Amino acid sequence: HYFSTKNALLLAILDSFYEGLTESARDGMQDIMATRERLLYLAQNHISKLRDNQALMMRLIQVYLSVDVNYYTNYRSSHIHDLNYQYTRIFDGVIREGIERGDLDPELELPAIRDLFFGGLEYGMRTLMSKNGSKDIANYVQAIVDPLWSSMQLLSRDDKASSVDSLEQRLENACERMEKAAKKLEKVAG
């Protein structure tokens, strides 16, 4: 009786969920300074909040998508997009600060990194749900975040130099193999 339509009720519930999710993400990061630990916290918070509300969220999304036929065509102008945008700006801030500190590669494509992070968490949540949440969430989150973290780090000058040296060595080895193969071909042809 408080809401004019089912859609209005669903949006109010989503508002409340996103408000709690965003607030817990901001509050929890206040005392965390290191970029990797901030990402781990965001991931753990995200998975925990979804797990705690999994039945509600799955039903809401299912009902909302069947109610709002324009969800995909008008997503950017939707209320859900606004909620998601506010929430994901926290992640974006962590990445930008990590770049400013020199922890992360300044050439990262932020939208792609954001999609990898949240996409991995969303898919990971499905895996956890299918196993009845039997895996330790902290370990599972770390298994998702660590490869992403490794790929985002700024290589030090020494790392870059050794990477270049390694590439040069590989090229020299390839050239030597090609020269040996060419000499064998000359002997066979000659």
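Nothing in this text is a laboratory measurement; each read-out follows from the coordinates by a stated rule. Bear in mind the structure is a predicted one, so any value in this text is a computation, not a measurement. A quick note on method: Cβ atoms are made from the backbone with ideal geometry, for glycine too, and the neighbour counts reach across all protein chains shown.
Can you pull the one-decimal nm distance between simple spin-label points at Lys131 and Lys6, each 7 Å off the Cα toward Cβ? Distance between label points: 3.5 nm. Just subtract the alpha-carbon distance of Leu148 and Glu109 from 0.36 nm times their residue separation and send over the number in nm, one decimal. Residue separation times 0.36 nm, minus the Cα-Cα distance, leaves 12.8 nm. Listed peptides 79-86, 179-186 appear in the order 79-86, 179-186 once ranked by packing, highest mean of other Cβ atoms within 10 Å at the front.
Fully extending the segment from Ile32 to Glu176, taken as 0.36 nm per residue of separation minus the present Cα-Cα distance, adds 46.7 nm.
Applying 0.36 nm per residue to the separation of Asn53 and Gln169 and subtracting their alpha-carbon distance, the gain on full extension is 36.4 nm.
Working from label points 7 Å from Cα in the Cα-to-Cβ sense, the Glu19 to Tyr123 distance is 3.4 nm.
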